[in-house]
Amino acid sequence: MNLTLFLLALFDGIAYAALVFIVAVGLTLIFGVMRILNVAHGSLYAMGAYLTASLTTFVLAAGLPPIFAFPCMLVSAILIGVVLGGPLEWLLLRRIYHKPEVLQLLVTFAIFMILEDVQRLIWGTQPIFQSTALQLMGNVRAFSVNYTVYQLILLPIVAITLLIGLRFFLRRTVAGKLILATTEDREAAQAIGIDADKVFLLTFIVGAGLAGLGGALASPTTSILPGIGADMIVLSFAVVATAGLGQIEGAALTALLIGLGRSFAVYVWPETQVLVPYLIMVAVLLVRPEGLFGSPAARKI
Amino acid sequence: MQVLLTLALAKGIAVMGITVLLRSGQVSFGHALFFAIAAYGGAFTLMLMPGADLIVVFLLGLIAATLSGVLVGLFVARYRFIFFAMLNLAFSMIFWSILEKFYHYTGGADGMRLPRPTVLWIEMERGTYELFMFYLSLAMAVGLGWFSMRWLESPTGQLFRTIKTNETRLQYLGMSPQRVMMNGYVLSAMLCGTGGILMGLVQGVVTPEYAYWIRSGEMVFIAVLGGAGSVPGALVGAAIYEIVRTYASAFAGDVWQMVLGIFLLIIILFAPGGIAGIYNTLMDRIAGTKERGE
Amino acid sequence: MTHLLETKGLEIRFGGVVAADNISLQIDAGKNLAIIGPNGAGKTTFLNICTGWLKPSKGKVYFEGRDVTPLSPRQITRRGVARAFQIPQLFTEHTALENLLIAAAARDQLRNPIRALKDTRQRAEMMNLLDMINCTDVAHRQVDELSEGQRKLIDIAVALALKPKLLLMDEPTSGVASSEKFGVMEILVRALAEAEVTAVFVEHDMGIVEKYADEVAVWNMGKIEMRGSPAEVLEHPDVIRDVIGEVV
């Protein structure tokens, strides 16, 4: 492997890791606060991507300049969070917090099944391609290779901003501290007057919005077609599980680990690129069942 | 109709695997893995040993599913709930992408053919073969259904069911929860494998779709529809499911997953007992009215 | 002479709190030991360490002279140490009898995949055990429908079903109505004697301790403050001040 290929693999890995992190952090945030694994998270990602592509195409067709592709992403992410995520929590998830974990899993799985078909109904099965944003930002020459500014600079910046922003939000702001307090002890939080329902709703909207944002940001870099939601939920679960469920900073590191592993596999043994993330996960979980950064839950008896 | 019922029975056997798991409070979103491994195992057998008999194909397919059940089980048996469900999903997706990517060996998305084998070294016409497969599936469904029900009542099965309620006590009985889980996991993989190899032999072709999450989801759906944990419910659920799907595909083919999802939500939120639960309630009511009548 | 259970220099702390500080204790067969002391003194932690649920940062646990410190609860149970819990640990979707039968199946490693659990030959023995604790009338009731006191008894019976050599009980009479406490203890002590099981029990009720313990160990702040016969310990002024004074 020469330097050019090495750099390409490195940049691919970083760009990919940034996207996966944005999606995975939403998944792990929801789990951390609500103790629910949203299997439909991948569908929210896919719908964010579809919605962005459609909005962008529509906006461009309306004669607006290409720069409007970026606000379209933000709008899509917010729509996914508020219009889709909000009602999901409010109408469905709220009913199952006290039910057995199996039922919680089944409910989000059912939502996943529904949303996968909703996508196909709205956007069909043909691949959709909308790369205006990617082209608009052009290329940058880094060392000896050309790479898109969008993937090499914008995506990592968004991911890092999110990581720092979330850290700051959870540790330094009142709303963030309320969320953390609810995470640690829901009943105690309610006893001191925290509206846990509102915290859960807000968390789910933000988490769903992050899935949507991941999809929105991914949309210019790839063709959007049925099945990407299923791939993404498994992949982001792999990231989140490798890190330890609920670990935000850990998710950033494992996203990088898995992103790089995958992109190097592409250049070394292409058939295995889809396998590498899971091999990493299995290897980590064999040694540390609770994930790299998770701590084993001690049950009180 | 007869082929349809054969397929329903094959699927029902696979669903029994999910049903068994549900009795320990666990759900797997990836048991299509074993379904597919058995069918591909059968296909490879027929490719490498042309003219192999049904018994050989069946057994080798089942062995493949059992072995992979042991291997995957060794890894997932220590996990519960979210991790259990999702790790199973991950394994099935890995297998699915292997099937797709290594198309030189697996035929990729086109899958592999399972040419009609001899039955006890007797060549059969298509019609006779299908009739035979129907009775074989029926016998298997009844036999394995009976066995699963007995197993769930047996000491091993009862210990397996305690995973749902108290693993601490299980440890303090001197048992390893992993090993207890493993018993049921391998049984469930074998049941799914039996369903898969039967399905492959009836359809004559196996594709990566056998391992896809939609297939796993379908199995979970039928298990919940039939009544979470009810073995006869799994078979009845599979029959109803296949029949409805055949007639509904004309106008709901594009939104089939959606229909399933909505029904799944309705069952979970409003009739968590599934068909078996509704049946029991009805029986109780009938018994109740009779008692009052006397 | 080897002791049934012996600990040497056990130490464990949670955060800043020392739950066990250099605990060395010998328990001999046939002598029921009561552990008393204020809440948070480390009594339950001691039971958790002895059964392998928690690992001490220092020290060793020996059962019948063999080091069992690194073993898991499962392995220690197999060697003959059973445990009953402060909050009963039962299979809530099974009946009382089934809970016992499952314990017996685990003990005898039953493997027949066809014969139903309820038809195993251990059934008579388990019904007998239920009879010993006066619970035959609830044999076929699901345990989550039973009263707290009944569940405590079933929990202890499950432990006894394992035919242990040593039984560790965490507050066997908590949750039992005070009028019934002595009755329950009477049943228990008889069952223990019949099964030839040595018991260690954490207890807050000094009346019970006085009547049913052969020996008493007083726990305070992660240390054993005193050990002796009920008569000498319960009348000691330090114990009255530190322990009994607080409880009564």
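The values are calculated or read from the model by the stated rules, or taken from the named source; none is laboratory data. Every value quoted in this text rests on a predicted model; they were computed, and no experiment measured them. Positions of Cβ are backbone-derived with ideal geometry, glycine not excepted, and every protein chain shown enters the neighbour counts.
At a glance:
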quantity: Verdict on B:A287 being more than 14 Å from every other protein chain (Cβ to nearest Cβ) and buried (at least 16 other Cβ atoms within 10 Å of the Cβ); calculated: no
quantity: Flag for C:Q26 being on the phi < 0 side of the Ramachandran plot and not in a helix (DSSP H, G or I); calculated: yes
quantity: Selection from the stretch C:158-177 of residues that are assigned to a helix (DSSP H, G or I) and over 16 Å from C:Q86 (Cβ atoms); calculated: C:L160, C:A161
quantity: For B:T106: the one exception among (1) among the hydroxyl-bearing types (S, T, Y); (2) surrounded by 20 or more Cβ atoms within 10 Å (Cβ to Cβ); (3) within 14 Å of chain C (Cβ to nearest Cβ); calculated: (3)
quantity: Single unsatisfied condition, B:Y129 versus (1) within 11 Å of another protein chain (Cβ to nearest Cβ); (2) surrounded by 13 or more Cβ atoms within 10 Å (Cβ to Cβ); (3) free of Cβ contacts under 8 Å to residues at least 24 places away in the same chain; calculated: (1)
quantity: Check on A:E116, within 14 Å of chain B (Cβ to nearest Cβ), under 18 Å from the mean Cα position of the chain (by Cα), surrounded by 14 or more Cβ atoms within 10 Å (Cβ to Cβ) and of a type in the set (D, E, K, R); calculated: yes
quantity: Residues of the stretch C:89-102 satisfying the condition of being surrounded by 23 or more Cβ atoms within 10 Å (Cβ to Cβ) and more than 9 Å from chain B (Cβ to nearest Cβ); calculated: C:A96, C:L97, C:L100
quantity: Unmet requirement for A:L5, which otherwise passes all of (1) buried (at least 18 other Cβ atoms within 10 Å of the Cβ); (2) out of contact with any Cys (no Cβ under 8 Å at 6 or more places or on another chain); calculated: (1)
quantity: Selection within the stretch B:35-61 - among the aliphatic types (A, V, I, L, M) and surrounded by fewer than 22 Cβ atoms within 10 Å (Cβ to Cβ); calculated: B:M47, B:L48, B:M49, B:A52, B:I55, B:V56, B:L59, B:L60
quantity: Residue within the stretch C:117-137 that is surrounded by 15 or more Cβ atoms within 10 Å (Cβ to Cβ), of a type in the set (S, T, Y) and facing chain B (nearest Cβ under 9 Å) present; calculated: yes
quantity: Helices (runs of 4 or more DSSP H) wholly inside the stretch B:25-101 containing at least 3 residues that are within 14 Å of chain A (Cβ to nearest Cβ) and in contact with a helix residue (DSSP H, G or I) (Cβ under 7 Å, 6 or more places away or on another chain); calculated: B:54-76, B:81-101
quantity: Tally of residues being more than 14 Å from every other protein chain (Cβ to nearest Cβ) and farther than 22 Å from B:L54 by Cα across the stretch B:109-120; calculated: 1
quantity: Exclusive hit being touching a strand residue (DSSP E or B) at 6+ places or on another chain (Cβ under 9 Å) and modelled with pLDDT under 85, set C:M206, C:M221; calculated: C:M221
quantity: A:V199 within 12 Å of chain B (Cβ to nearest Cβ) and crowded, with 21+ Cβ neighbours inside 10 Å; calculated: no
quantity: Residue selected from the stretch A:85-128 under the condition of a type in the set (D, E, K, R) and in a helix (DSSP H, G or I), by the criterion modelled with the lowest pLDDT; calculated: A:E101
quantity: Condition met for A:S54 (within 14 Å of chain B (Cβ to nearest Cβ) and either modelled with pLDDT of 90 or more or assigned to a helix (DSSP H, G or I) (or both)); calculated: no
quantity: Test result for B:V206, surrounded by 23 or more Cβ atoms within 10 Å (Cβ to Cβ), away from every other protein chain (no Cβ under 14 Å), among the β-branched types (V, I, T) and touching a residue at least 24 places away in the same chain (Cβ under 8 Å); calculated: yes
quantity: Residue count for the stretch A:259-284, restricted to those that are of a type in the set (V, I, T), closer than 15 Å to A:T242 by Cα and in contact with a Ser or Thr (Cβ under 7 Å, 6 or more places away or on another chain); calculated: 2
quantity: Options B:T156, B:T165: the member that is among the polar types (S, T, N, Q), within 17 Å of B:R78 (Cα to Cα) and out of contact with any Cys (no Cβ under 8 Å at 6 or more places or on another chain); calculated: B:T165
quantity: Evaluation of A:S263 against (1) surrounded by fewer than 20 Cβ atoms within 10 Å (Cβ to Cβ); (2) touching an Asp or Glu at 6+ places or on another chain (Cβ under 6 Å) (one fails), failing number; calculated: (1)
quantity: Count - residues of the stretch B:150-163 that are more than 10 Å from chain C (Cβ to nearest Cβ) and among the aliphatic types (A, V, I, L, M); calculated: 0
quantity: Matching residues in the stretch C:143-158 - criterion: being more than 12 Å from every other protein chain (Cβ to nearest Cβ) and acidic (D, E); calculated: C:E145, C:E148
quantity: Subset of the stretch A:61-78 that is outside any helix (DSSP H, G or I) and small (G, A, S) - its residue that is surrounded by the fewest Cβ atoms within 10 Å (Cβ to Cβ); calculated: A:G63
quantity: Sole residue being in contact with a strand residue (DSSP E or B) (Cβ under 6 Å, 6 or more places away or on another chain) and within 24 Å of C:F63 (Cα to Cα), chosen from C:Q86, C:Q109; calculated: C:Q86
quantity: Options C:K31, C:K55: the member that is in contact with a helix residue (DSSP H, G or I) (Cβ under 8 Å, 6 or more places away or on another chain), assigned by TED's automatic domain parsing to the domain that holds C:L71 and surrounded by fewer than 21 Cβ atoms within 10 Å (Cβ to Cβ); calculated: C:K55
quantity: Single match in C:V218, C:V158 (criterion: more than 25 Å from B:Y172 (Cβ to Cβ), crowded, with 20+ Cβ neighbours inside 10 Å and touching a helix residue (DSSP H, G or I) at 6+ places or on another chain (Cβ under 9 Å)); calculated: C:V218
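Results for (1) more than 22 Å from the chain's Cα centre (by Cα); (2) in a helix (DSSP H, G or I); (3) modelled with pLDDT of 90 or more; (4) of a type in the set (A, V, I, L, M), shown as yes or no for each residue.
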site: B:G145; (1), (2), (3), (4): no, yes, yes, no
site: B:W151; (1), (2), (3), (4): no, yes, yes, no
site: B:T156; (1), (2), (3), (4): no, yes, yes, no
site: B:I163; (1), (2), (3), (4): no, yes, yes, yes
site: B:M175; (1), (2), (3), (4): yes, no, yes, yes
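Each row is one residue, and each column tells you yes or no for (1) more than 13 Å from every other protein chain (Cβ to nearest Cβ); (2) of a type in the set (D, E, K, R).
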position: B:T168; (1), (2): no, no
position: B:Q178; (1), (2): no, no
position: B:G184; (1), (2): no, no
position: B:S188; (1), (2): yes, no
position: B:G193; (1), (2): yes, no
position: B:I197; (1), (2): yes, no
position: B:L201; (1), (2): yes, no
position: B:R215; (1), (2): no, yes
position: B:F221; (1), (2): no, no
